[in-house]
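Here's the structure, in structure tokens; my notes come after.
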Amino acid sequence: MKLYYLCGNYENYINSNTLNDMIKSSMKYAIRVSALSMLMFGSIGISAQQVHTAEWADGVERALVYRPGDYGSKFYRIPAIVTAKDGSLVTVADKRIEHNGDLPAKIDVVSRRSTDGGRTWSEYVTVAAHDETGGCGDPALVVDQKSGDILAIFSHGNGLWQETPAHISVARSKDNGLTWGPMLDINPQILTTDPSGKQPIKCTSAFASSGRATQLDNGRIMFPLVVREKENPCFKVYAIYSDDCGKTWMVSKNPATADGDESKIVQLADGSLIMSIRNRFGSLRKFSYSHDRGETWSDPVPVEGLPDPRCNGDIIRYNRDGHDLLLQSLPGDPNGRNNVAIYVSKDGGKTWPVKKTVVTIPSAYSSMTILPDGSIGILTEESANGHYSYDIWYTRMPIEVILAGDKK
């Protein structure tokens with residue numbers, strides 16, 4: 001058995017005898033790995049901290065992308081991933097410099113990219129840095145398929161619980177994630193704090209949903225915006241959209257839900273949209289539908305087969321090699337943030353008969369992309385020690401492995 005680990009950008013080899021000497025009797029993990037498996041080591045010495053025990057099928061590969069302590073940060077959270085026009089993988093995450101709290105903490109949005117399918121990763125690049133206004137966090141990514149530009153959408157300044165909204169901002173890369181331009185504040189186009197105002201949205205605070213933003217088949221770019229109104233304990237979720245590759249932005253005519261949280265949007269084969277909504281109080285994911293490209297939304301309904309332990313995850317359409325599927329990533333434990341899995345629908349989101357577990361440890365937010373070879377790449381927040389401190393791992397899974405589901 002060959003096991004590999006990554007230290008910075010260098011790949012190292014150890015054999016199974018060395019591994020046994022390292023973990024000894026205190027870590028009794030059974031491992032069967034037929035492809036590339038990744039083992040994370042501590043930042044001091046080479047003491048093993050985590051071993052994944054799933055029985056992976058051929059073709060599954062893993063790599064550690066963001067680790068607490070790297071690049072001058074105590075914590076990392078909130079991953080997003082896309083496949084650029086040149087086939088490279090581009091990721092972003094919150095660099096939570098001092099503690100693991102949300103905005104308005106000292107947070108930067110940082111990026112790493114891979115040009116070999118996720119086996120190795122570049123040095124860190126700062127997309128948006130904290131300043132006197134506050135931190136930058138909760139990033140989402142989307143690729144404009146016409147120009148190849150990558151848009152990073154994030155919040156700048158205040159968090160959800162302050163009395164003035166964060167600045168919803170957009171940064172742009174024109175070179176497949178190698179470099180990023182300055183952030184553009186789009187609040188004047190979408191938000192107002194004037195109680196007498198009409199659309200744009202009246203709110204006390206707001207943030208953009210992290211993970212994947214969406215581009216529709218007509219080029220429209222869209223992301224969900226969570227808003228809080230003063231004296232209202234519930235969060236509304238609107239769709240924000242642009243028809244000119246992010247230069248100008250508009251707001252849906254109504255919220256997709258009057259009581260939601262981080263959400264994602266996916267387009268179906270018939271052109272209709274689903275907004276997959278984090279459920280703040282129930283136990284199932286909620287779906288809202290749009291039949292006019294996101295301008296209006298239906299009342300949300302709970303989705304049987306998609307348990308939701310109040311967590312963020314991605315939904316994407318997989319339309320290639322004879323398949324037309326929806327994939328939804330969420331923690332597979334309905335009672336808590338554990339065991340991130342990929343759920344599969346073959347009927348446009350009506351039923352979700354297939355579940356493939358990605359990891360079997362405490363794990364939370366996740367983001368997915370389709371690789372050029374048709375595999376799925378997923379970034380997951382994973383906790384080696386069960387604490388509120390996450391490593392962010394990348395896993396590459398062939399679609400056949402996902403469709404096979406978990407062994408009964």
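Within the stretch 354-369, being under 21 Å from Gly59 (Cα atoms) and within 13 Å of the chain's Cα centre (by Cα) holds for Ser366, Ser367, Met368, Thr369. Looking only at residues in the stretch 146-199 that are among the hydroxyl-bearing types (Ser, Thr, Tyr) and in a strand (DSSP E or B), the one that is modelled with the lowest pLDDT is Thr192.
So, Val143, is that one over 23 Å from Ile190 (Cα atoms) and among the aliphatic types (A, V, I, L, M) or not? Steps first, please.
Values: over 23 Å from Ile190 (Cα atoms): no; among the aliphatic types (A, V, I, L, M): yes.
So Val143 fails the test.
So, in the stretch 76-93, of the ones that are of a type in the set (A, V, I, L, M) and surrounded by 24 or more Cβ atoms within 10 Å (Cβ to Cβ), which residue ends up farthest from Ala208 (Cα to Cα)? Reasoning before the result, please.
Let us first name the residues in the stretch 76-93 that are of a type in the set (A, V, I, L, M), namely 78, 80-82, 84, 89-90, 92-93.
Retained after the next criterion (residues that are surrounded by 24 or more Cβ atoms within 10 Å (Cβ to Cβ)): 78, 80-82, 89-90, 92-93.
Numbers: Ile78: 12, Ala80: 13, Ile81: 16, Val82: 17, Leu89: 22, Val90: 19, Val92: 14, Ala93: 14 Å.
Residue satisfying both the conditions and the ranking: Leu89.
Tally time: how many residues in the stretch 360-408 are of a type in the set (Gly, Ala, Ser), outside any strand (DSSP E or B) and touching a Lys or Arg at 6+ places or on another chain (Cβ under 8 Å)? Break it down into steps so the answer makes sense when it comes.
Kept after step one, since they are of a type in the set (Gly, Ala, Ser), are these residues of the stretch 360-408: 363-364, 366-367, 374-375, 377, 383-384, 386, 389, 404-405.
Going one step further and asking which of them are outside any strand (DSSP E or B), we end up with 374-375, 383-384, 386, 389, 404-405.
Still in the running and touching a Lys or Arg at 6+ places or on another chain (Cβ under 8 Å): 374-375, 404-405.
Going through the stretch 360-408 one residue at a time, the tally reaches 4.
Only residues that are loosely packed, with under 14 Cβ neighbours inside 10 Å and acidic (Asp, Glu) were counted in the stretch 169-187, giving 1.
Pairing each residue of the stretch 276-298 that is of a type in the set (A, V, I, L, M) with any residue that is assigned to a loop (DSSP other than H, G, I, E, B) and surrounded by fewer than 17 Cβ atoms within 10 Å (Cβ to Cβ), provided the two are 6+ apart or on different chains, yields C-beta distances under 9 Å for Leu284/Pro334.
Condition check for Met250 on (1) in contact (Cβ under 8 Å) with a residue 60 or more places away in the chain; (2) in contact with an Asp or Glu (Cβ under 9 Å, 6 or more places away or on another chain); (3) of a type in the set (A, V, I, L, M); (4) under 22 Å from Leu327 (Cα atoms): one failure, at (4).
Can you tell me how many residues within the stretch 367-389 are out of contact with any Pro (no Cβ under 6 Å at 6 or more places or on another chain), modelled with pLDDT of 95 or more and within 14 Å of Tyr76 (Cβ to Cβ)?
Let us first name the residues in the stretch 367-389 that are out of contact with any Pro (no Cβ under 6 Å at 6 or more places or on another chain), namely 368-374, 376-378, 380-382, 384-385, 387-388.
Then keep just the ones that are modelled with pLDDT of 95 or more; that gives 368-374, 376-378, 380-382.
Filter again for within 14 Å of Tyr76 (Cβ to Cβ), leaving 380-382.
Total satisfying the criteria: 3.
The values are calculated or read from the model by the stated rules, or taken from the named source; none is laboratory data. From a predicted model like this one, the values you see are computed outputs, not experimental measurements. When we count neighbours, we look across all protein chains shown, and the Cβ atoms used for this are built from the backbone with ideal geometry, even at glycine.
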